[in-house]
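Scroll down for the structure; my scribbles are underneath it.
The values are calculated or read from the model by the stated rules, or taken from the named source; none is laboratory data. The model shown is predicted, which means the values in this text are computed figures rather than measured ones. Don't worry about glycine lacking a Cβ; one is built from the backbone with ideal geometry, like all the others, and counts go over all protein chains shown.
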Amino acid sequence: MDTDTESGASVRADHGGAWYRGYGLGVLRADVIAGVTLAAYMLPAAMGDASLANLPPEAGLYACLFAGLVFPWFCGSRRTTVTVTSAISLLIGTTLGPMAGGDAERFGALAACTALMVASLAAMAWLIRAGSLVTFVSETVLVGFKIGVALTLASTQMPKLLGIAGAHDGFWGNLRHLAASVPETHGTSFVVGIAALGVLVLGKMYLKHKPVALVVVVGAIVVSGAIGLEDRGVKMLGDVPRGLPAIGFPRVTRHDLNELLPLAMACFLLGAVETAAIGRMFARKHGERVDINRELLALAGANLAAGLGRGYPVSGGVSQSLVNESSGARTPMSGLVAAAIIAAVVVFFTDLLHDLPQPVLAAIILTAVAGLVNVRMLVRLWERDRTELLIVAAALVGVLASGLLRGVLIGAVISLLLLLRRASRPHVASLGRVPGTRRFSDIERHPENETVPGVCIVRPETGIVYFNADFVRDSVMERVRGSRERVQAVVCDLSSTPFTDLAGAEMIVKLEEELRAMGVRLQVVEARAVVRDRLRAEGLEESAGRIDRFTTVADAVDDAIAAQGRPRDV
């Protein structure tokens, strides 16, 4: 339990009740400080991400504002912050353009409708308690996907940094356009952008999780107004409407809903995976528990609010959540404080944003791009599992070659194929006796274990079902045929097999028949109740002998040795 020693109040960490029960003044003070810092970090990031989505800056502010007012009341993780993200923003920007046909108002309506559809998907996932399925997309696939997003982001922002016209033709088209347009670089824009980028990089190195971006934004606005950068040809952010938008449903057609569904599914998948990952990260760090289903409910409420408030899809933000935590946030109240500050900016201070140079905004986005490239994970995969590195490369190529929307789907397919491959080729351990004991364990992990002459001991470490039954059978037969000594008995330890279907049970029965024809006896031991019932129903006991819960591996080995007429080893 987290306790506020100064006020004597306490904040529950077990998520069995609402975070605001037992809330104290000391905790409030910590949350207010964190909320102010978080708002300072989120404001420039929200405007930058809105530009990635090809939406006006106020769309990013509206999304963070309305989502931030709803998310804290439902979330299970006390430090997760909801926001617009670079990946989802770029997905929106690259997908909705053809549908909108150049109509900015329609583009905004489609983006808001996408948020509402994401809310519906998240609500349905919460209703069926699909939290465990959110972790379906593997971390390896996400690493490759995020690198692809980072490269695509860089290709869209480099023209703004150089003060040249941008392109919206995918990564490779953007790269060709950039290479052809470099000679047209606007000198003043480039100097402004590089100066901002340098300050941001230094801030990221030496002032981690501090609102350096806000300082850069304020400084750029002051300098821009003082020396007239707009008159020198540097593009500005432009007018940002003051005040709150009209709350309501966007005007779209039924046909639009059908067209938006793949995009909404992709945004939901990204948002749910990212939000769940953040919650698990903080839960491990602070010794708390997090209910992923509650995160889905919070995501549904946040996207509903964002869509009704003329925003676009939101999710948990990694960098924002880390800033929130490092600033001392104790509860989700810090997110409410940040949303209130954003509301104040939207209502009273948007005029000040007019003179923000576009190259500075591009520099903020490019700095954030670095956080999407998990160099540490790449090094670990290179050192420990290069097969997984190939999966990273496949996801990366999918994003760069097919675009973000298809890249998300390719990532999901890769995750499915990985899952099926691992499930269809389970580990079948060969067991040996732990020296001096009656215990048996995997020889591959413990080479010092002793083999038993004439006895092959195996342990399938999975449920045996229709799509892996043949692999298990082949693994056993391969070891019997490949043994240096003639195998007279096979002991099959099913203690790690939680279940088996009809095909799995039939495979074990046929395996016994095949082994018996070779003069080899099969004995099944330590099977769980449901597995025993299935094997008995298929008639295995009639040919292989009784299957009970009392006979251990050591007992079966003793029986096999006795049948060979040799003395027992232990």
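Does any residue of region 482-500 turn out to be part of a helix (DSSP H, G or I) and in contact with a strand residue (DSSP E or B) (Cβ under 6 Å, 6 or more places away or on another chain)? The answer is no, given that none of the residues of region 482-500 is part of a helix (DSSP H, G or I) and in contact with a strand residue (DSSP E or B) (Cβ under 6 Å, 6 or more places away or on another chain). Filtering region 307-319 to residues that are surrounded by 24 or more Cβ atoms within 10 Å (Cβ to Cβ), touching a helix residue (DSSP H, G or I) at 6+ places or on another chain (Cβ under 6 Å) and under 23 Å from PRO211 (Cβ atoms) leaves GLY311, VAL314, SER315, GLY316.
Restricting region 541-556 to residues that are in contact with a Leu (Cβ under 9 Å, 6 or more places away or on another chain) and buried (at least 21 other Cβ atoms within 10 Å of the Cβ), the residue that is farthest from ARG438 (Cα to Cα) is ALA544.
Scanning region 425-476 for residues being under 27 Å from ALA505 (Cα atoms), among the acidic types (Asp, Glu) and over 35 Å from the mean Cα position of the chain (by Cα) gives a total of 1. Considering region 334-392, the residues that are under 30 Å from LEU142 (Cα atoms) and in contact with a Pro (Cβ under 7 Å, 6 or more places away or on another chain) include one that is surrounded by the fewest Cβ atoms within 10 Å (Cβ to Cβ), namely LEU336.
From the list SER120, SER132, the one residue that fits, being farther than 16 Å from ILE365 by Cα, in the same structural domain as ALA246 (by TED's automatic domain parsing), part of a helix (DSSP H, G or I) and modelled with pLDDT of 85 or more, is SER120. Filter region 419-443 for residues that are of a type in the set (Ser, Thr, Tyr) and either part of a strand (DSSP E or B) or surrounded by fewer than 14 Cβ atoms within 10 Å (Cβ to Cβ) (or both) and give the result. Result: SER430, THR437, SER441.
Within region 217-247, the set of residues being closer than 21 Å to PRO56 by Cβ and touching a Ser or Thr at 6+ places or on another chain (Cβ under 9 Å) comprises LEU229, GLU230, VAL234, LYS235, MET236, LEU237, ASP239, VAL240, PRO241, ARG242, GLY243.
Anything in region 379-400 that is of a type outside the set (Val, Ile, Thr) and touching a residue at least 12 places away in the same chain (Cβ under 8 Å)? List them, or say none.
Step one: filter region 379-400 for residues of a type outside the set (Val, Ile, Thr), giving 380-386, 388-390, 393-396, 398, 400.
Scanning region 379-400 gives LEU381, GLU388, ALA393, ALA394, ALA395, LEU396, GLY398, LEU400.
Would you check if there is a residue in region 165-187 being assigned by TED's automatic domain parsing to the domain that holds ALA46, assigned to a helix (DSSP H, G or I) and under 15 Å from ILE365 (Cα atoms)?
Looking for residues that are assigned by TED's automatic domain parsing to the domain that holds ALA46, assigned to a helix (DSSP H, G or I) and under 15 Å from ILE365 (Cα atoms), one finds none in region 165-187, hence no.
Against the test of being modelled with pLDDT of 90 or more and either assigned to a helix (DSSP H, G or I) or more than 44 Å from the chain's Cα centre (by Cα) (or both), the options ARG532, ARG566, ARG546 yield a single qualifying residue, ARG532. Scanning region 162-177 finds no residues that are in contact with a helix residue (DSSP H, G or I) (Cβ under 9 Å, 6 or more places away or on another chain), of a type in the set (Val, Ile, Thr) and in contact (Cβ under 8 Å) with a residue 40 or more places away in the chain. Scanning region 285-329 for residues that are touching a Lys or Arg at 6+ places or on another chain (Cβ under 7 Å) and either among the hydroxyl-bearing types (Ser, Thr, Tyr) or modelled with pLDDT under 85 (or both) yields VAL290, SER321, ASN324, GLU325, ALA329. Scanning region 186-208 for residues that are touching a residue at least 24 places away in the same chain (Cβ under 8 Å) and crowded, with 17+ Cβ neighbours inside 10 Å yields HIS186, SER189, VAL192, GLY193, ALA196, LEU197, LEU200, LYS204.
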